[in-house]
Amino acid sequence: MTNPLFSLAGNVALVTGASRGLGHAMAEGLAEAGAMVVLNGRDAATLEARAGELRARGLAAAIAPFDVTDGAAACAAIDHVAHAHGALDILIANAGIHHARPLGEWRIEDWRRVMATNLDACFVLAQHAAMVMLPRRRGRIIFTSSLTGLMGRATIHAYAASKAGLAGLTRSLAAELGEHGITCNAIAPGYFETDLSAGLRKDPAAVARIVGRTPLRRWGKPRDLAGVAVFLASPAAAYITGQQIVVDGGMGIAL
């Protein structure tokens, strides 16, 4: 039996970028805690396959295919989720992209593309989700930020800036929405084994350097993020807002 502190029974959650990686792991964790999870991504067939896997386990799952950078589509999807399932209790704005180039090779188009997905889309999603949550005076908004928004790394300028921006957005939304019963927090992963890090993991020296700097001596696995997402979405975190929880195996605290 799920501890009531961590139960999400009766909750409806929308998770963007949930067809794979960290997004899917978090969606799976929410579903296991009792939530109806709505998986977002751009490919409906992939989403349906992942939702089908959850339903085959007796978990509640639906899909909402849309591009998070299409503001009108994102807002329409939130409205549809709230109408179809009776509410939207939890938003995990997780979808993000990556671009790495030496500074001199960056184009303003590259910068804007990363910002549009990683920061602008999160603002639009959170803004509209909050409008849906306000009448019920309850809700959870959770962003996926990044350790690199705190520490930085060469060549990923827009990614680091967008994730640092999410930390600021987390605080400003928390300050405004708290009196309405809506919390806003962020999860900042370190280095995880996902498609986003696939290129970096092809470099043995980079892999060894990261493992060597991480006290737990390994890369994170997507499942390592599920518990934090459940916690922040659950009654156990009712008095936590405006925070960024780093999940990095200790990398950020080790010299």
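General remarks:
- Counted residues, the stretch 68-111 - those being part of a helix (DSSP H, G or I), within 18 Å of T155 (Cβ to Cβ), of a type outside the set (F, W, Y) and in contact (Cβ under 8 Å) with a residue 40 or more places away in the chain: 2
- Failed item in (1) closer than 26 Å to Y191 by Cα; (2) in contact (Cβ under 8 Å) with a residue 24 or more places away in the chain; (3) in a helix (DSSP H, G or I); (4) of a type outside the set (K, R), with A129 passing the rest: (1)
- Residue within the stretch 168-185 that is β-branched (V, I, T) and without any contact (Cβ under 8 Å) to a residue 60 or more places away in the chain present: yes
- Candidates A161, A167, A116, A175, filtered to the one that is more than 22 Å from L39 (Cβ to Cβ), assigned to a helix (DSSP H, G or I), under 16 Å from the mean Cα position of the chain (by Cα) and among the hydrophobic types (A, V, I, L, M, F, W, C): A167
- Residues (surrounded by 14 or more Cβ atoms within 10 Å (Cβ to Cβ), in a helix (DSSP H, G or I) and out of contact with any Leu (no Cβ under 7 Å at 6 or more places or on another chain)) located in the stretch 179-201: L196, S197, L200, R201
- Members of the stretch 202-223 that are touching a helix residue (DSSP H, G or I) at 6+ places or on another chain (Cβ under 8 Å), surrounded by 15 or more Cβ atoms within 10 Å (Cβ to Cβ) and either at pLDDT 95 or above or not β-branched (V, I, T) (or both): R213, T214, W219, P222
- Checking S234 against (1) loosely packed, with under 14 Cβ neighbours inside 10 Å; (2) touching a residue at least 12 places away in the same chain (Cβ under 8 Å); (3) small (G, A, S), the condition it does not meet: (1)
- Criterion violated by E193 - all others in (1) modelled with pLDDT under 95; (2) closer than 18 Å to L91 by Cβ satisfied: (2)
- The numbered conditions (1) touching a residue at least 40 places away in the same chain (Cβ under 8 Å); (2) under 19 Å from the mean Cα position of the chain (by Cα); (3) assigned to a helix (DSSP H, G or I) are all true for A31 except (1).
One line per residue, one yes/no per condition, for (1) under 20 Å from F143 (Cβ atoms); (2) touching a His at 6+ places or on another chain (Cβ under 9 Å):
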{"residue": "A62", "(1), (2)": "no, yes"}
{"residue": "P65", "(1), (2)": "no, no"}
{"residue": "D79", "(1), (2)": "no, yes"}
{"residue": "L88", "(1), (2)": "yes, no"}
{"residue": "I97", "(1), (2)": "yes, no"}
{"residue": "G104", "(1), (2)": "no, no"}
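- Unmet criterion (only one of (1) touching a helix residue (DSSP H, G or I) at 6+ places or on another chain (Cβ under 7 Å); (2) buried (at least 17 other Cβ atoms within 10 Å of the Cβ); (3) of a type outside the set (G, A, S)) for L5: (2)
- Residues of the stretch 2-18 satisfying the condition of being more than 19 Å from I240 (Cβ to Cβ) and touching an Asp or Glu at 6+ places or on another chain (Cβ under 7 Å): V12
- Residue identified as touching a Leu at 6+ places or on another chain (Cβ under 7 Å), crowded, with 24+ Cβ neighbours inside 10 Å and assigned to a helix (DSSP H, G or I) among L39, L22: L22
The values are calculated or read from the model by the stated rules, or taken from the named source; none is laboratory data. A quick note: this is a predicted structure, and the numbers were derived from the prediction, not measured. All Cβ positions, glycine included, derive from the backbone under ideal geometry; neighbour counts span all protein chains shown.
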